[in-house]
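Below is one structure; the comments refer to it alone.
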C-alpha cells in the first residue's frame, strides 16, 4: 500500500471526527481571512472534487497535465463556498474526502508515477491540505469559543 493511502485515511477520520462535533454556531464562526468554518470545509470539498474529476479522466484517457493557479481559484470560489448552507458544506466536504480517498486507492502504479512526475497535476497527499485547514479551524474554534 502506498504511504498516501494510509495518511489520507487517517486525515479522513480526523475530518469525520471534527465535523461530527461541529454545531451550527461553530460552522458559522469566522476565520481571520474572512472565511467561515463551513466555507473552509466547502473549499476542501472543491479541491477534493477537482481531484476526483481528474482521476476519473486520467483513468479513462490517460494522464495529461492539468495546471491550477490556486490563489485566483480560491478567490473566485470564496463567495460560492460562503454561500452554501453550512451543514451542507460540511456534508459535501466529508463526501468529497471519502470519494477522493476511494479513487486514489484504485490507481494503477503507472498512473501514480505519471501524477507524481508532473508539476501540473494533483497532490496524492490529500491529507496535507486537509490537516492544514483542520489545524487552522481547530485554532479558530478555540478562540471563537473563548470569545463567546
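The values are calculated or read from the model by the stated rules, or taken from the named source; none is laboratory data. Predicted model only: the values in this text are computed from it and were never measured. When we count neighbours, we look across all protein chains shown, and the Cβ atoms used for this are built from the backbone with ideal geometry, even at glycine.
Scanning segment 105-116 for residues that are touching a residue at least 60 places away in the same chain (Cβ under 8 Å), under 14 Å from the mean Cα position of the chain (by Cα), assigned to a helix (DSSP H, G or I) and over 15 Å from residue 22 (Cβ atoms) turns up nothing. Of the candidates 30, 64, 7, the single residue that is within 18 Å of residue 144 (Cβ to Cβ) and modelled with pLDDT of 95 or more is 30.
Residue count for segment 21-38, restricted to those that are surrounded by fewer than 16 Cβ atoms within 10 Å (Cβ to Cβ) and within 23 Å of residue 125 (Cα to Cα): 0.
Give the residue that is surrounded by the most Cβ atoms within 10 Å (Cβ to Cβ), with candidates limited to residues of segment 1-20 that are within 20 Å of residue 36 (Cβ to Cβ) and either in contact (Cβ under 8 Å) with a residue 12 or more places away in the chain or in contact with a strand residue (DSSP E or B) (Cβ under 9 Å, 6 or more places away or on another chain) (or both). By that ranking, first place goes to 15. Of the candidates 84, 41, 55, the single residue that is crowded, with 21+ Cβ neighbours inside 10 Å, in contact with a helix residue (DSSP H, G or I) (Cβ under 9 Å, 6 or more places away or on another chain) and under 19 Å from residue 134 (Cβ atoms) is 41. Considered as a group, the residues in segment 120-148 that are more than 18 Å from the chain's Cα centre (by Cα) and crowded, with 16+ Cβ neighbours inside 10 Å include one that is nearest to residue 107 (Cα to Cα), and that residue is 141.
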